[in-house]
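Notes follow the structure.
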Amino acid sequence: MKKVMMAVMAVVCLSCQPISYAALHIELTQGMSSAIPIAIVPFKGQSADSNDSKNVASVIQSDLQNSGQFKVQASNFKQFPSSPSEVNMDAWKDVSANDLVVGSVTPAGGGQFKVNFSLMPLNQSDKPTVIASDSFTVPASQLRKTAHRISDLIYQKLTGKRGVFSTRIAYVLVEGDGDHKRYMLEVSDADGFNPRPIVVSNEPLMSPNWSPDGRKIAYVSFENRKASIYISDVASGGRQQVSSFPGINGAPHFSPDGNKLALALSMDGMTPNIYTMNLATKALTQLTNDGSINTEPAWAPNGSQIVFTSNRGGGPQIYKLDIGSRSTTRISFDGHYNATPSLTSDGKTLVVLHGEGGNNYDVATIDLDSGATRVVTQTGAVSAPSVAPNGQMVVYADISSGRGSLGIVSIDGKIKLNLPSPVGSVREPAWSPFLG
Amino acid sequence: MNYHKLFKIALLTLAAVSISACSSTKKNASDMGSSSYMGGNGGVSTMGLGPDDGQSIGGYGTSDAYRLKGGANQIYFFDFDQSNVHEKYIPSLNAQANYVVSHPSARILLTGNTDERGSSEYNIALGNRRALAVQNALKSQGVASQKIRVVSYGSEKPVAQGHDDKAWALNRNVQLIYEAK
């Protein structure tokens, strides 16, 4: 059987002429019952049109509504102020919203736009008090990005936590049938908008992992008819092969300082072990050395420990290894299957793929202080959980509908979203770090 | 004619022996892929291990005659979470080993595969274990290491596209592919 070997197309840069790719369509399926009511008035200078992807107020409304933590009022206003001085507090007395957002988008010459916003609490005083505001001058192409930044600022002011509206997700999209499948590593905004492929291949791609500066993605590719690890530059599409040893080359994970990669290599052995690679010199350090399956390394935020999946105790469980002393402790105990570990940025919560019995795999969180395990999804057909940089949300792959889609769940399980793809099957999501 | 019948009986006996050997290995309920019963056979219950009924799966034949053809690409199925090679495949592996040993230019690719459930990277390791088990069986029959290439695809390249027990059973496999004959 002659196998046709097709070259991988390292694809066009993200800033190039956009080809229209079908976006993932985000849908909130369960929000908080205690969602904060907030009124967001259409910004002066842009007519209220939620189909206009550059409509700043619409993007902020969607961001905050889809966070599951806000109940957004976007219409039925008695007045349309665009700045605090235009606000008549009497007109807002009967409104149930706790807070009000107003703003404007006005041409600033040279193709640029000036975007202003102000956030004011309602029903607290007779005069509008601004608790957050900012002003941006940007080209039209940056209006959506600016809206996400404003969402981040509002979110942070009202919840005390950093928003992830300006982050991205990477994922693998698989299209086609049988022997003619096409695999794409894509990057989209966290709301599924603006997907762009950075690698296209006729052979599988898996395990994308972002560098801490958000500029690169490491991943596994089978384009050479064996597993190899590559690092691609997200903006340019340029890439380098960093690992193509005999056997398994898998599960790349950047260190917090971006200088090293943890990875799983089997070399000439029967099972993979955990290694780190110095990215400048390509020198390898072996961290585990036993006959069990050791894979899926993930660095702790302090850079001195690595959590990983091992079946040394029988089935897959999570272990924590101290890089200096090489001492290893088991940290997952509930359920017969715990894999794909990642730690929140405060190092306190472990997010895992968790199985308790039968064929069901769901996302679970493990409180590392108490050991308490909480299962936060219920579809039973989950894989590849990846935690957001603010530690509040987890994106994962779900095959329960028959075609792979992504889901997002809050760390406490109370907020749920779907991100189905209109075409193909989506898998292996990776949430970016905070970006620029 | 008689020879054919004897051959068939020998094969069936071998199959029966290996099946009852299967049912004696410990399994718990969660390990069961598709369950099926040998009708009227003194209550022996067996695991379904893919069709093995002569049907072609992804271009691989599964009939007894096909499996014994040296130089023909093969697909071997595995139980959930297991990587031991079933005794029923030994005659087929021997036929392939004999072919490789007697054809100096022959080279084999073994791909290790799993069903889609669970962690993709952990599945790469499970698929690898399965492919290496088949590699060991070939090496024990005299095939040199240089003649065999091993790649694990884990759950990345399923032969069956469904999401049920039947598809999962088909996807737990090692494929033996002649890269050169």
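One table, with the values for the structure above:
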| quantity | calculated |
| --- | --- |
| The stretch B:85-108, residues that are assigned to a loop (DSSP other than H, G, I, E, B) and farther than 14 Å from B:Ile177 by Cβ | B:Val85, B:His86, B:His103, B:Pro104, B:Ser105 |
| When residues of the stretch B:163-181 are limited to those that are facing chain A (nearest Cβ under 9 Å) and within 25 Å of A:Arg182 (Cβ to Cβ), the one modelled with the lowest pLDDT | B:His163 |
| Candidates A:Leu435, A:Leu368 - the one that is in contact with a Lys or Arg (Cβ under 7 Å, 6 or more places away or on another chain) and either under 25 Å from A:Asp63 (Cα atoms) or charged (D, E, K, R) (or both) | A:Leu435 |
| From A:Thr340, A:Thr328, residue being of a type outside the set (Asp, Glu), out of contact with any His (no Cβ under 9 Å at 6 or more places or on another chain) and away from chain B (no Cβ under 14 Å) | A:Thr328 |
| Strands (runs of 3 or more DSSP E) within the stretch A:301-346 that include 1 or more residues free of Cβ contacts under 8 Å to residues at least 12 places away in the same chain and more than 26 Å from the chain's Cα centre (by Cα) | A:328-330 |
| Any strands (runs of 3 or more DSSP E) falling wholly within the stretch A:376-427 and containing at least 1 residues that are without any contact (Cβ under 8 Å) to a residue 40 or more places away in the chain | A:382-387, A:393-398, A:405-410 |
| All positions within the stretch B:100-124 that are under 20 Å from B:Ser145 (Cβ atoms) and either surrounded by 20 or more Cβ atoms within 10 Å (Cβ to Cβ) or in contact with a Lys or Arg (Cβ under 8 Å, 6 or more places away or on another chain) (or both) | B:Val100, B:His103, B:Ser105, B:Ala106, B:Arg107, B:Ile108, B:Leu109, B:Leu110, B:Thr111, B:Gly112 |
| Any hit, the stretch B:132-139, residues being touching a Ser or Thr at 6+ places or on another chain (Cβ under 6 Å) and at pLDDT 95 or above | yes |
| Qualifying residue in the stretch A:180-188 (condition: under 18 Å from A:Pro389 (Cα atoms) and in contact (Cβ under 8 Å) with a residue 24 or more places away in the chain) | yes |
| Breaking point among (1) part of a strand (DSSP E or B); (2) at pLDDT below 95; (3) not hydroxyl-bearing (Ser, Thr, Tyr), for B:Arg149 | (2) |
| Counted residues, the stretch A:232-271 - those being in a loop (DSSP other than H, G, I, E, B) and touching a residue at least 24 places away in the same chain (Cβ under 8 Å) | 11 |
| Unmet criterion (only one of (1) among the small types (Gly, Ala, Ser); (2) surrounded by fewer than 16 Cβ atoms within 10 Å (Cβ to Cβ); (3) over 26 Å from B:Gly112 (Cβ atoms)) for A:Gly313 | (3) |
| In the stretch B:109-126, the residues that are touching a residue at least 40 places away in the same chain (Cβ under 8 Å) and not in a loop (DSSP other than H, G, I, E, B) | B:Leu109, B:Leu110, B:Thr111, B:Gly112, B:Asn113, B:Leu126 |
| For A:Tyr275: the one exception among (1) away from chain B (no Cβ under 12 Å); (2) crowded, with 19+ Cβ neighbours inside 10 Å; (3) assigned to a loop (DSSP other than H, G, I, E, B); (4) without any contact (Cβ under 8 Å) to a residue 24 or more places away in the chain | (3) |
| Unmet requirement for A:Ser151, which otherwise passes all of (1) touching a strand residue (DSSP E or B) at 6+ places or on another chain (Cβ under 7 Å); (2) away from chain B (no Cβ under 14 Å) | (1) |
| Residue within the stretch A:218-230 that is basic (Lys, Arg), out of contact with any His (no Cβ under 9 Å at 6 or more places or on another chain), within 20 Å of B:Asn128 (Cα to Cα) and modelled with pLDDT under 95 present | yes |
| A:Ala7 being at pLDDT below 70, assigned to a loop (DSSP other than H, G, I, E, B), of a type in the set (Gly, Ala, Ser) and touching a Pro at 6+ places or on another chain (Cβ under 6 Å) | no |
| Verdict on B:Ala133 being under 28 Å from A:Pro208 (Cα atoms), among the small types (Gly, Ala, Ser) and within 11 Å of another protein chain (Cβ to nearest Cβ) | no |
| In the stretch A:185-223, the residues that are more than 14 Å from chain B (Cβ to nearest Cβ), of a type in the set (A, V, I, L, M) and closer than 10 Å to A:Ala170 by Cα | A:Val187, A:Ala190, A:Ile198, A:Ile217 |
| Number of positions in the stretch A:41-68 that are buried (at least 16 other Cβ atoms within 10 Å of the Cβ), farther than 21 Å from A:Asp134 by Cβ and in contact with a helix residue (DSSP H, G or I) (Cβ under 7 Å, 6 or more places away or on another chain) | 0 |
| Any hit, the stretch B:141-151, residues being facing another protein chain (nearest Cβ under 10 Å) and under 28 Å from A:Gly315 (Cβ atoms) | yes |
| Residue in the stretch A:108-120 that is surrounded by 13 or more Cβ atoms within 10 Å (Cβ to Cβ), in contact (Cβ under 8 Å) with a residue 40 or more places away in the chain, among the β-branched types (Val, Ile, Thr) and within 29 Å of A:Asn390 (Cβ to Cβ) present | yes |
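The values are calculated or read from the model by the stated rules, or taken from the named source; none is laboratory data. Everything numeric here is computed off the predicted structure, so don't read it as measured data. FYI the Cβ positions are ideal-geometry reconstructions off the backbone, even for glycines, and counts take in every protein chain you see.
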